[in-house]
Amino acid sequence: MRKFSFRLFPERFGLFPLMWLLYLILPTYGLFHAPPFYKGVGLFLLLLFVIAYRQVYWGGRYFPYWLGCMLGIILFFGLFYASEFIMMGFFPANFIAWYRGRKFFTWYGMFVAVVFFIVGYDFMTNGFTFIKNYFLYLVVMLVMPVAFKSLNEKEEQLKAANEKIEELVKQQERHRIARDLHDTLGHSFSFITLKSQLIERFIEKDPKRAKEEIKEIEQTSRRALQQVREIISNMKVTTVDEAIAEAKQMLKIAGISFTVDVDTVDFIPKLHQNVLSLCIKEAVTNVVKHSRATACELTLRLEKGSVQVQVSDNGIGFSRKSWTGNGLNGIQERLRFLDGEMHIHSDKGTTLIFTLPIIEKATSVNH
């Protein structure tokens, strides 16, 4: 799949980026009243500033170049046009907070240097006038990156805490299932083992007794199968519909468009749905983290005796060496558990295809 859909800003930011552009009305108005040469150069730089502003929202490896471009344009306007252009510094102040650790302090230092350079230059020519008129704005501008950085860190800590809670819930569910299997099936399997030993002793000496023991083993195995059914029916499984809803939310936050074409999943057994949902989540997580894609597509088709899920994106693709890092081995292991398989096509974009057989033997455990 190779689809492109142009969007001005990532969807997760809503109208916020467009609203900020309203603050460029005054600089634009001022440039239109400048001499022709200054007006032409100024409008070109302002357009470049808007382009850089749009690009930093998308992040990526060129993020620092676009951010540096914004700071450079502000410095140029502040020195060669008017000191009031320093108010455009509110734009990059937000993005500096996206950095962590040493990079944040480096970029924050550059930002402070630009502000002080413009203010200092104005002070040498006009005295305290500009500082008195804009002191409060300058203070807020300089505090913004620090405040936003603190807010972003709190949000990340909250997200990490929620993920930890979710993992603990999953572990608790695994322990419950393991306990149920031990309590309900342990006795049955021990009984079958003992009966098998008796059959081995009676198979030649007392064939009639051996047949009776075999019947008891058959009855015990049927009860064990029924117990497995009950355990599976009580499992807190994730359905395919729930996995798709979560994927849609995740891709929306990442600013990636999502197209879904899914057959009805009502006839897919619970265990199969749980495995497929985990595979879908892992695949979509890879799209968000590694693909640099702008579009993702998911299809699900029910064929005779099998179900096939395809997750595609228009990103940069990846090499076979990065399978382990992208969690694809985990997907393969889950699929193999139910005799499924995965196929990968990765060149200009990536396509993952999951196939699970749905045979009568598999469905009988779930219904």
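The values are calculated or read from the model by the stated rules, or taken from the named source; none is laboratory data. Treat the numbers as computed from the prediction; the structure is a model and nothing was measured. All Cβ positions, even for glycine, are placed from backbone atoms using ideal geometry, and neighbour counts span all protein chains on display.
Go through the residues of the range 37-45 one by one and say whether even a single one is of a type in the set (A, V, I, L, M, F, W, C), within 21 Å of VAL115 (Cβ to Cβ) and either out of contact with any helix residue (DSSP H, G or I) (no Cβ under 9 Å at 6 or more places or on another chain) or at pLDDT 95 or above (or both). Give the steps one after another, and end with the answer.
So in the range 37-45, the residues of a type in the set (A, V, I, L, M, F, W, C) come out as 37, 41, 43-45.
Imposing the further condition that a residue be within 21 Å of VAL115 (Cβ to Cβ) reduces the set to 45.
This time we only want the ones that are either out of contact with any helix residue (DSSP H, G or I) (no Cβ under 9 Å at 6 or more places or on another chain) or at pLDDT 95 or above (or both), so: 45.
Yes, the conditions are met somewhere in the range 37-45.
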Within the range 291-315, restricting to residues that are under 18 Å from the mean Cα position of the chain (by Cα) and aliphatic (A, V, I, L, M), the one that is surrounded by the fewest Cβ atoms within 10 Å (Cβ to Cβ) is ALA295
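Can you pull out every residue in the range 80-104 that is more than 21 Å from ARG61 (Cβ to Cβ) and either among the aromatic types (Phe, Trp, Tyr) or in contact with a helix residue (DSSP H, G or I) (Cβ under 6 Å, 6 or more places away or on another chain) (or both)? Before the answer, list the steps.
Residues of the range 80-104 more than 21 Å from ARG61 (Cβ to Cβ): 80-90, 93.
PHE80, TYR81, SER83, PHE85, ILE86, MET88, GLY89, PHE90, ALA93, listed by residue number.
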Among helices (runs of 4 or more DSSP H) completely within the range 54-151, the ones holding 3 or more residues that are touching a residue at least 60 places away in the same chain (Cβ under 8 Å), buried (at least 20 other Cβ atoms within 10 Å of the Cβ) and in contact with a His (Cβ under 6 Å, 6 or more places away or on another chain) are none
- Query: Do the conditions hold for LYS252, that is, is it within 15 Å of the chain's Cα centre (by Cα), charged (D, E, K, R) and not assigned by TED's automatic domain parsing to the domain that holds TYR57?
  - Reply: yes
